[in-house]
1. Restricting to segment A:79-94, name every residue that is under 30 Å from C:Gly241 (Cβ atoms), among the aliphatic types (A, V, I, L, M) and modelled with pLDDT of 85 or more.
2. Can you tell me which residue in segment C:88-104 is farthest from the other protein chains (Cβ to nearest Cβ), limited to those that are touching a helix residue (DSSP H, G or I) at 6+ places or on another chain (Cβ under 9 Å) and surrounded by fewer than 19 Cβ atoms within 10 Å (Cβ to Cβ)?
3. In segment A:188-242, which residues are assigned to a helix (DSSP H, G or I), without any contact (Cβ under 8 Å) to a residue 60 or more places away in the chain and of a type in the set (S, T, N, Q)?
4. Residues to consider are C:Gly225, C:Gly233, C:Gly255; find the one that is within 14 Å of another protein chain (Cβ to nearest Cβ), within 30 Å of C:Met310 (Cα to Cα) and either buried (at least 24 other Cβ atoms within 10 Å of the Cβ) or touching a strand residue (DSSP E or B) at 6+ places or on another chain (Cβ under 7 Å) (or both).
5. Restricting attention to segment C:83-140, report how many residues are part of a helix (DSSP H, G or I), under 15 Å from C:Ile50 (Cβ atoms) and basic (Lys, Arg).
6. Identify the residue in segment C:28-81 that is part of a helix (DSSP H, G or I) and free of Cβ contacts under 8 Å to residues at least 12 places away in the same chain and, among all such residues, is nearest to the other protein chains (Cβ to nearest Cβ).
7. If I ask for residues that are within 10 Å of another protein chain (Cβ to nearest Cβ), free of Cβ contacts under 8 Å to residues at least 24 places away in the same chain and of a type in the set (Gly, Ala, Ser), which ones from segment C:115-170 would you list?
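The values are calculated or read from the model by the stated rules, or taken from the named source; none is laboratory data. Note that the structure is predicted; figures quoted are calculated from it, not measured. Please note: Cβ atoms are built from the backbone with ideal geometry, for glycine as well, and neighbour counts cover all protein chains shown.
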Amino acid sequence: MSSPISRFTRRQTLIVAGITASTLAMPNIVRAADPKLRVGALLPLTGDLALWGVPGKNGAEVWAARTNKAGGIMVNGTRHEVEVVAFDGAYIAEKTVQGARAFVDQDVKYTMVIGGDDWSAMQDFSNRNKMLTSTLYVTDLNPEAKYLIAPVEVHPLYFGCGAEHLRKVEPNVKSVALCAQDDLTGRVALAYWRAGFDAHNFEIVKDEYFDLATTDFAPVVSSLLAGKPEAVCLDTAYPSFALLLVEQLYIQGFKGRILHAGLELLPDMVRRTSAEYMEGSITFFPRFDDPAIGTSAVGFPDSAGFYADYEMMYPGSWNNTSWEFPACLEVWKRAVETANTAEPDELFASMKANPPSHMFGTAHWWGEDLFGSNNALVSSWPIVEVRNGKVDIVAMGDQAAWYADHRDAVIKRFREEQLMPDQKR
Amino acid sequence: MQMLIDTLVNAAMASAATALVSIGLALIFGVMRIENFAHGELYMVGAYVTWYVSSALGLTYFPGLVCAVLITALLGALMEVALFRRLRSNPVGCLIITVGVLLVLQTAAVWFGGVNSTLLVDTPFPGVLRIGTLALPWHRLFVIVAAIILMLALTWLLRRTAFGWAVRAVAQDAEAASLQGISIGRISILAMMLSAGLAGAAGAFMAPIVRVNPFMGQPVIITAFIVIIMGGIGSIEGAIIASVLYSTFFTFVSTYLDSTVATIAGLCIMLGVLIFMPNGLMGKAEKV
Amino acid sequence: MTSRQTWHAIGAMTSIAAAALLPVVSGDYYTSFGTEIAIMVLMLSSYRLIVLTGEWSFAHVVLQGVGAYTAAIAVKDFDWPFPLTIAAGAAMAALMATILSFPLLRMKGFYFLMGSFAAAEAIRLLWRKIPFFGGTRGLSNIPAPYLDLGGLTIDFGHPANFFHLSLAVVVCCLFLMWRMERARIGHIWRAIQQQDILAQSVGIESRTYRRLAFVIAAAFAGIAGVLLAYAFGTVTPNRFGLNFALYLMIWSIVGGTRTFYGVVLGGVVLMIFDESLRFAEELRPGVYGLILIGVMLFCPQGLERLLQSMARVLPGTRSDESGERGTLSRPGKS
């Protein structure tokens, strides 16, 4: 047995060094008095939904850079710089709460999440710590969530207008098949689609969920096509799922309209199928390199300039969330400048009294009926079709009006999936 | 009826893919008693290399396939020499080390290709064979044929060549084999290379069909372990038969019912096999 | 008490005291992190009970989940107070473990590992499917415990308060486990691991004792699950998947299972390491993997060995290695 001393020095030093190094590497938790206003991007930066989270974080950074260059945020006569803090919630509830805790320690004034799975754990915490938070999922709203708003996207509200649009462009189509991944995103969206199809006299011939771990989509599509649908709705299938689903639809000979929330990987879809195959597919997110974007996205200052800056700072990573999160920030900024404060209670009260203008135009607070609180900032929303391999805006849907007309269908379908506020476990 | 035929075709392809991955794992488990949790990541590396060579470098699919096999085989050799060799006496430690390799490979893939991009591999066999109402994508047929050829080749290798006999001797009784003059070290490296190369080939075959992402090996490894247990640990023939049975079952259940239900059922089957038939389908009859 | 045991006692008490001071020196984030570490320590120590009998299991994390779901349902649907939910969580987990032990304990080694994985994952997928358990979203809005005892009110929703509560619960559990290991049952567990046949020949029914270890470990895991449910206010099925089961195994090995504190050490060191690597977000698992490989190659007996080397240098300790009494040979790694 070798001398204890030498064994001590050799291996022990390694471990001690390691622990010391890691302790030193931990972030500073001391809160300095800071004129900067911090906003938090609590998004999935790893995992499947990083495709939404990372562009969202990038978009926020670009927005912050542009806002600071234009003079920052004006509160009570003082200009403040804005700083983005990011935390990887990985779309897991517990990690998101960890991120929320980190944000509280760093005095973040406004937090952005995607919504759905990552909000469920945060609600209590955000109430307790007065964290003003924005979500993209209107179904997160409920009377207990005191500091939650849905200021840009009210997924899945636009699907009603989507079904209406399908009826308009395909008056003779009767049958439709639906699928989505089996998680909260998928369930919420499908519930609304079902209501939409009910309302516009479509017959749902196949309606199924697939497991998140699916890698081979051939069986899923075979099953979908067994009912011989004339249109297929892929709902809010995550981008990589949607790509493979579209490819399978093509291979298995489906000819008809395809509907999907975002069509994020459209260029790849065109490559794997063809521009003709994708022609006419219906989706809900415009592209920012469309020259007409300025006319529809009236609430977003200088969209073309934003797009150019983004492509410069983060080339090749543009996605729908790249502008959605900045739009959330824009709403917040307007509210802060109107209210002259970033403190949650006063800011929130001011926001509700003076609804800031939304990305796509004037808006009003909505949602009491379905969610128990009017915390959704609702305006019109674009309906977009694929033309020559790119998306073009073909209509603007009035989400609130559609809902008012078809309320019963929606509530019925929501109850089925246990999504109404009183059903939440 | 249409759905039944489609499902049968899908089941055949799923069986081929599962079998390809599982025989590599069965081989290494039978020979070296190593539970290689990183096997799914070798499959993933195969897919990535195929993508890189065929798409990024612009060469076509088959050079990509060849490179995938070569690189994963090298990785396998490296794992044996640098890692497994030192931990012969410590099976649980070996398992942990393979988990370490798993994490390193996944992270390397994330760093290399990005976590939020979808990498596309174009198949050299685009298009679809249409027979009546059947739509059989050429590439999936290719996978089935290639899998069958590989399995026949492996069986021939193990039964008709000196190398194959040496491998089986080591699997049966390492000490006796070394007394007979067989170099355990050499056989271990070659077996590991073979196992890894098979995984890499599977990844290359599947790359045009599935999502190429850093985590694509995860579901694969679970299925592989289920299949190996069903087939009988160490038995290649068992693994093949179990792959076909399991994949067919799984494909039918997930098409007609639900993929989560299919997974639960699959796990219950594995549990059932462990309780009632712990030696699997092939029992003690065959070891590699 | 021998001087070695004195050192151990002092070490234990110092660590506990130091831990209790955590909320004083850090903000909410690190205090909550401290709670997570405490819960993890309980998981690791209870896991070790199973490892002592010579088996590695992948079901332990799901048994923690059983405790967590029990707590969530008990609190949300029936408004049970904290002490009752702790008991309920432990009981349900122990019950589930008893049921599972009948099929599972017929297997050994790798088969047992895979069997435990299969059973556990099937349960977890059922949680995901069945709406009563909240489906994929799980159960949330679990209110924190609240003590209202004749004038003394404590809101355990505050991270610092809950941390101290968890610390107290965990320390009690650790003490129970430590006593168990020193008692006759602990020796029997080691005997089973070492020489199953020999143990059976002197009349020890090994399966019964393995079952006992499995069930007792599960009860403690259930308690850890209850703490987890309160700590985050939410219980989701993904929290109990294979990844977490693997990490439990990893931390145990890296820490070393020979001594009582070995696994604790492994968990604490690696969790802190993991957290400190947060800046390297996407690359974190890779660094972790390299550490694992390094530790397995160069320090396969675990970190506890390092501490023992250090301890040997300290004055007042004996120079022989077998500090524990016992007529059986020292259990090696399984």
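1. Correct list: A:Val85, A:Ala86.
2. Residue satisfying both the conditions and the ranking: C:Ala91.
3. Once the filter is applied, which keeps residues that are assigned to a helix (DSSP H, G or I), without any contact (Cβ under 8 Å) to a residue 60 or more places away in the chain and of a type in the set (S, T, N, Q), segment A:188-242 yields A:Ser222, A:Ser223.
4. C:Gly255
5. 0
6. So, considering only residues that are part of a helix (DSSP H, G or I) and free of Cβ contacts under 8 Å to residues at least 12 places away in the same chain, the one nearest to the other protein chains (Cβ to nearest Cβ) is C:Tyr29.
7. C:Gly115, C:Ala118, C:Ala122, C:Gly135, C:Gly157
This table checks each residue for (1) over 20 Å from A:Ala363 (Cβ atoms); (2) β-branched (Val, Ile, Thr).
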{"site": "A:Val138", "(1), (2)": "no, yes"}
{"site": "A:Leu148", "(1), (2)": "no, no"}
{"site": "A:Ala191", "(1), (2)": "yes, no"}
{"site": "A:Phe202", "(1), (2)": "yes, no"}
